[in-house]
1. Step by step: first the residues of the range 67-78, then only those that are farther than 12 Å from residue 99 by Cβ and over 10 Å from the mean Cα position of the chain (by Cα), then the one that is surrounded by the most Cβ atoms within 10 Å (Cβ to Cβ). Which residue is that?
2. Sort through 20, 31, 43, 47 and tell me the only one that's at pLDDT 95 or above, of a type in the set (Gly, Ala, Ser), touching a Leu at 6+ places or on another chain (Cβ under 8 Å) and at negative phi.
3. Can you tell me which of 103, 36 is loosely packed, with under 11 Cβ neighbours inside 10 Å, of a type in the set (A, V, I, L, M) and within 24 Å of residue 10 (Cβ to Cβ)?
4. Of everything in the range 47-66, what is exposed (fewer than 15 other Cβ atoms within 10 Å of the Cβ), touching a residue at least 24 places away in the same chain (Cβ under 8 Å) and touching a helix residue (DSSP H, G or I) at 6+ places or on another chain (Cβ under 8 Å)? Give them in sequence order.
5. Looking only at residues that are surrounded by 13 or more Cβ atoms within 10 Å (Cβ to Cβ) and within 10 Å of the chain's Cα centre (by Cα) in the range 88-97, which one is farthest from residue 24 (Cα to Cα)?
Amino acid sequence: MSLFSGAESKKIGVVAQIRAKSGHEDEVRKAFEAVVGPSRKEAGCLAYQLFEDVHYTGSFFTVEEWESEEALDTHLRVNKAALDKAKALLREDLRISVLKLLV
């Protein structure tokens, strides 16, 4: 189910927060760096960036833009195995915020 109606308003933004367990920062960084390139090539991906918090090593964020919520759902299914593998290295569950542009 999409949060939006109409062709123009189907675009969504996504911010995901990823927090590595202490001592696993490099593994998590490498795991998510490996996802960036392929994600950018997925159908429906308009932008995909990975950031690390300057003040809190091991706290990562993806900032993404997708053509639709359906494209995001496909991305999450395609990357399920990688996400499941990374879970053991995370301090807490991945937090994903799906956003609509207001202005």
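The values are calculated or read from the model by the stated rules, or taken from the named source; none is laboratory data. The structure presented is a predicted model; accordingly, all values stated were derived computationally and were not measured. Here the Cβ positions follow ideal geometry from the backbone for every residue, glycine too, while neighbour counts run over all protein chains shown.
1. Residue satisfying both the conditions and the ranking: 71.
2. 20
3. Of the residues listed, the single one that is loosely packed, with under 11 Cβ neighbours inside 10 Å, of a type in the set (A, V, I, L, M) and within 24 Å of residue 10 (Cβ to Cβ) is 103.
4. Correct list: 57 only.
5. Selected residue: 96.
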